[in-house]
C-alpha cells in the first residue's frame, strides 16, 4: 500500500514537472543544466567554512545537507534514490578534483551556477512556460529525478 502511494506521488510530480518541459530544445538544455545546477549547489555549500568538529572528520556542510536530500529521493523512489546517490558521489569526487587542481571551488561554482540558470530560463522562454519551481519549490528537487527518469526509460529501467 505504501509503495503504491509513493509510486503515485512520484508519477504526479514527474507529470507536472514534465508539462513545462516538452520542447526538445528545452529538454536538451535541462539535460545539461539540471545536473550542473545540482553539482554547483553542492559545491557552493561545500565551500562554506566548516566548524572544527566537522572538519576533524573531513565532513563539510554539503555532506550534512545531502543526507536529507537523498532521503527525499529514496522516499520518492528507490531507483531514483540510488541514482541520486551515485550522482552525489560523483559530485563530491569532481569537487575534490576541482579543488586539487587549485581552482577556487566557490568561484567556479558561482560562475557555472549563473550560466546554468540563465540557460534554464532561456529554455523556459523557448518553451513558453514558467519553471515549475515558481509554483512549488519542491520542483527544484524533482528536476534531477526527472532527468534520471529520462535515462531509466532510455535503458528500459523502472524508476518505481
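Going by C-beta contacts inside 10 Å, put 67, 37 in order with the fewest on the left.
With the sparsest Cβ surroundings first, the list reads 67, 37.
In whole angstrom, how far apart do the alpha carbon centroids of segment 20-45 and segment 76-139 sit?
Each part's Cα centre sits 6 Å from the other's.
Using the count of nearby Cβ atoms within 10 Å as a rough guide to exposure, how do 8, 154 rank from fewest to most?
Final ranking by Cβ density, sparse to dense: 154, 8.
Report, to the nearest 10°, how far helix 139-154 tilts away from the longest principal axis of the Cα atoms in the chain, using its own Cα long axis and a range of 0 to 90°.
Orientation of helix 139-154: about 70 degrees from the principal axis.
Which angle between 0 and 90 degrees, to the nearest 10, do you get for helix 24-46 versus the longest principal axis of the chain when only C-alpha atoms count?
Its long axis makes an angle of about 30 degrees.
What residue among 80, 32, 95 has the largest mean-square fluctuation in a Gaussian network model of the chain, using Cα springs under 10 Å?
Of 80, 32, 95, the Gaussian network model singles out 32 as fluctuating most.
Could you tell me how many degrees, from 0 to 90 and to the nearest 10, lie between the Cα long axis of helix 2-19 and the main elongation axis, the longest principal axis, of the Cα atoms of the chain?
90
Looking only at 90, 143, 123, which one moves most when the chain is put into a Gaussian network model with springs between Cα atoms under 10 Å?
In this elastic network of the chain, the residue with the biggest mean-square fluctuation among 90, 143, 123 is 90.
Values in this text are rule-based calculations from the coordinates and carry no lab data. The structure presented is a predicted model; accordingly, all values stated were derived computationally and were not measured. Positions of Cβ are generated from backbone atoms using ideal geometry, with glycine treated the same way; all protein chains shown enter the neighbour counts.
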